[in-house]
1. Using 1/(1 + (r/R0)^6) with R0 = 25 angstrom and r between the beta carbons of Lys123 and Thr7, what's the FRET efficiency to the nearest 0.05?
2. Could you work out the Rg to Rh ratio of the stretch 3-58, with Rh taken as the Kirkwood radius (inverse of the mean 1/r over all Cα pairs)?
3. How much net charge surrounds Ser30 when only other residues with a Cβ under 15 Å from its Cβ are counted (Lys, Arg +1; Asp, Glu -1)?
4. Which whole-number percentage describes the relative contact order of the chain, with Cα contacts under 8 Å and a sequence gap of 6 or more?
5. What net charge do the residues around Thr111 carry, taking every other residue with its C-beta under 14 Å from that of Thr111, with Lys and Arg at +1 and Asp and Glu at -1?
6. Please state the shape class of the chain: rounded when a/c is under 1.5, otherwise prolate if a/b exceeds b/c and oblate if not, all from the C-alpha gyration tensor.
7. Taking the DSSP beta bridges in the chain as the whole, what percent of them are antiparallel, to the nearest 5?
8. For the chain: lysine pairs with Cα atoms under 29 Å, gap of 8 or more or different chains, count?
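Read-outs: derived from the displayed coordinates by stated rules, not from any lab. Please read these numbers as outputs of a predicted model, since none were measured by experiment. Cβ sites come from the backbone with ideal geometry, for glycine too, and all protein chains shown count toward neighbours.
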Amino acid sequence: LEIGSGTGQHSLFFASEAPKVTWQASDLASNLPGIRAWQATANLPNLPGPVELDVTGHWPEQFYEILFSANTFPIMNQEQVEQCLLHSVDCLKPDGHFVVYGPFNYGGDYTSASNERFDYWLKSRDPQSGIKDFVWLDAIAQRAGYCLIADIAMPANNRTLVWRYETFSDKS
């Protein structure tokens, strides 16, 4: 399940590159028509239609092995990010993974001048948005039942954070 698929570009790319993996796009209802338009051009059998997902309340009833989100945390406010981490486990299978890509601060500090400029630009558009601090994110993830298993440096001063859901459950 991709959380915050935006236009749907990632879903097309990943579904075409990994034909044995079903890639489920999701976003707010207002973004679903754009995702459907992108998907219609590809007609991939492993790319079902997008589902509505509002991180503050409406989550899919299906369970997934992996949740993925790219560049969404900086555009969300802190409450939305917190709700995303806490409620994501509601549709994640035990021992599933949550993979988050994007820029993050560490110890309250920017990792690059470009991330600092990006953060100021985000906050000029919406003062509640901005780059989130890793320590804050990981503390919330731990409250949700996640354990960090990887923090991977990526190009352009981004990171990929990988958490595993370790809370035992009877989900199937």
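1. Step by step, r from the Cβ atoms, then E = 0.60.
2. Computed over Cα atoms, the ratio is 0.96.
3. Residues close to Ser30 contribute a combined charge of -2.
4. 20
5. Details: positive: Arg117, Lys132, Arg159; negative: Asp109, Glu116, Asp119, Asp133, Asp151.
Every neighbour counted, the sum reads -2.
6. Cα axes put the chain in the oblate bin.
7. The answer is about 60 percent antiparallel.
8. 5
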